[in-house]
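Presented below is the structure to which this report refers.
The values are calculated or read from the model by the stated rules, or taken from the named source; none is laboratory data. All values derive from a computational prediction rather than experimental measurement. Here the Cβ is made from the backbone with ideal geometry for all residues, glycine too, and neighbour counts use every protein chain on show.
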Amino acid sequence: MTESKKPEENQEVNASAAPQSSAPIAPPGTPVDASPEEIEAALAANEAESADALTVALAEVATLKAKAADLQDQILRSAAEVQNIRRRSEEDVSKARKYAVESFAESLLPVMDSLTAGLAIQNASNEQLREGAEATLRQLKSALERNKVIEINPAQGEAMDPSKHQAIQVVPAPEDSTQAEGTIVAVLQKGFTIAERTLRPALVTVAAAK
């Protein structure tokens, strides 16, 4: 009989075919001698902590999203309010200008009425004409003052103020006067201010050096 060939005793075993351990990997901090049950309990605890941490993180994200949405809403509301305030301010300025013109025009109507009535008088005497002109002038001054238009009429000897007076001539001071150099000698034309701003400076002469 033919003898069957025996497999070689030293035949190499494929390392990949070796059985692998199915023991769970212990999480950090687990005792070296921990049993498989203890390792599984530690893994379950770690998974629970991870789940709790994820839940907290998701809650924080949701809170931040809600705050961001609230801030965005506040920004939009603030922008709309600013736009409304700007529009109302523009309307108020426009109305104020319109009202100011209407008020000034209304205050001048009595002046026009007086002039019209004076011109309607036939054969008026010089005295009547003068009285009518003076009355009309008083009405005009009153209308200007109501609209904050005030005369600039400095007295003789008053110090010159370049913001309200315009010197057009330097003249000798009166002989019997102790008027200082640069002070006002005479007013040639009255000036006016409106709301404390010079509308027209007064034309004046000032004293020369002695």
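Taking the conditions (1) in contact with a Leu (Cβ under 9 Å, 6 or more places away or on another chain); (2) surrounded by 12 or more Cβ atoms within 10 Å (Cβ to Cβ) in turn, Leu137 satisfies each one other than (1).
Answer yes or no: is there a residue in the range 92-112 that is at pLDDT 90 or above and more than 27 Å from Ile194 (Cα to Cα). No; the residues of the range 92-112 include none that is at pLDDT 90 or above and more than 27 Å from Ile194 (Cα to Cα).
Is there a residue being among the small types (Gly, Ala, Ser), over 30 Å from Arg138 (Cα atoms) and surrounded by 10 or more Cβ atoms within 10 Å (Cβ to Cβ) anywhere in the range 88-99?
Of all residues in the range 88-99, those among the small types (Gly, Ala, Ser) come to 89, 94, 96.
Okay, now just the ones that are also over 30 Å from Arg138 (Cα atoms), so 89, 94.
If we keep only those that are surrounded by 10 or more Cβ atoms within 10 Å (Cβ to Cβ) as well, we get 89, 94.
Within the range 88-99, one or more residues are among the small types (Gly, Ala, Ser), over 30 Å from Arg138 (Cα atoms) and surrounded by 10 or more Cβ atoms within 10 Å (Cβ to Cβ).
Here Val185 does not fit the description of being of a type in the set (A, V, I, L, M) and surrounded by fewer than 16 Cβ atoms within 10 Å (Cβ to Cβ).
Applying the condition of being loosely packed, with under 13 Cβ neighbours inside 10 Å and under 30 Å from Ala100 (Cβ atoms) to the range 158-182 and asking which residue is nearest to the chain's Cα centre (by Cα) yields Ser163. When Arg130 is tested against (1) exposed (fewer than 12 other Cβ atoms within 10 Å of the Cβ); (2) part of a loop (DSSP other than H, G, I, E, B); (3) at pLDDT 90 or above, only condition (2) is not met.
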